[in-house]
1. Given a Förster distance of 45 angstrom, what is the FRET efficiency for Lys228 paired with Glu20, based on the Cβ-Cβ distance and rounded to 0.05?
2. Pick out, from His277, Val58, Gly125, the residue whose Cα sits farthest towards the positive end of the charge dipole of the chain, with +1 on the Cβ of Lys and Arg and -1 on the Cβ of Asp and Glu.
3. Using Cα-Cα distances under 8 Å and only pairs 6 or more residues apart, what relative contact order does the range 37-86 have, in percent?
4. At a Förster distance of 22 Å, what's the computed FRET efficiency of His207 paired with Asn176, Cβ-Cβ distance as r, to 0.05?
5. Run the helix sum for the chain: -39,500 (n - 2.57) per DSSP H stretch of 4+ residues, divided by residue count, reported at 222 nm to the nearest 500 deg cm²/dmol.
6. Taking the highest mean first, how do the peptides 122-129, 111-118, 160-167 order by number of other beta carbon atoms within 10 angstrom per residue?
7. Of the listed peptides 15-21, 143-149, what is their order by residue-averaged count of other C-beta atoms within 10 Å, with the highest listed first?
8. For Lys186, list the lysines whose Cα falls under 30 Å from its own Cα; do not include residues on the same chain fewer than 8 positions away.
Amino acid sequence: MILIAESGSSKTDWRLLTEEGSVKMAKTAGFNPYHQDADQIYAEIASQLLPQLGTTAVDEIHFYGAGCSTETNCNIVKEGVSRLFSHAQVHVGHDLLAAARALSGHKAGIICIIGTGVNIGLYDGSDIIAGRPSLGFWLGDEGSGGYLGRTLIQHFFHEEMPADLHQAFEDTYHLNIETVLEYAYKRNFPSSYFASFSRFLSDHITHPYSQQLIYNGFDAFIKRYVNKFANYQEYPIHFTGSIAFHYQDILLKVAQDKNIHIENIIDNPITGLIQFHQTVS
């Protein structure tokens, strides 16, 4: 049996491919080896994943995750997963490779992730051969849920929102500065906390302020990341991630204004990963 995991900082989608051809679904919290060690990862999957799967008899595991871009971080995840699935071959790769395999299969393209955070890379049909540094939540992640939520909170406290939305934001969240600073500088996963506020934009998507904020985020993403690849207009460009998917009308408008072609926009790579691994198995 093959177990596939597609993990972000907020959630992890799991799919167990059985020998009979069926697919079993599971969902757990997200993982990030920049914030969690092997003990914490093991404890999470033992308590959350095992009750959903009901078995540890897995032959092969393909784990794709946020933060899994260095050998050290991959080994943290591999150690945590291997403790529960001791007889499985465990392969750990980064979330960008998952997106590339799901979106582009064995064809070259520019692969973009815009969800809680962002990532981008040039895929040659086999591996990611070039990338651009996103610099993470505090220094980058333009266009992401974290970026949009952070901008909303900045605009709220600096009174830069339209009056009607300022009141609606206050009535929805009842925020105070002390709480925001606590989550920003003392808690783990600040990007997930700030990304949660981006839902406000969805609730008020018809408001010109919301549309312009999202447009500006996608515009900044393309300027800072996509346009930096040589001959970027010669490649098909693919997007995945909740923010790219849910606001795809605005993303497509930005792409049109920038004269670039987007080939695919999907919410989650997991379906494409199932097809990819069923093909190569």
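Bear in mind that the values in this text are calculations on the coordinates, not laboratory data. Keep in mind that this is a model prediction, so the values were computed, not measured. Note: ideal-geometry Cβ built from the backbone for every residue, glycine included; neighbour counts use all protein chains shown.
1. So, using R0 = 45 Å, E works out to roughly 0.45.
2. Of the options given, the answer is Gly125.
3. Relative contact order, the range 37-86: 67 percent.
4. The value I calculate is 0.35.
5. -13000 deg cm²/dmol
6. Ranked by mean Cβ neighbours within 10 Å, highest first: 111-118, 122-129, 160-167.
7. The most tightly packed comes first, giving 143-149, 15-21.
8. Lys11, Lys27, Lys78
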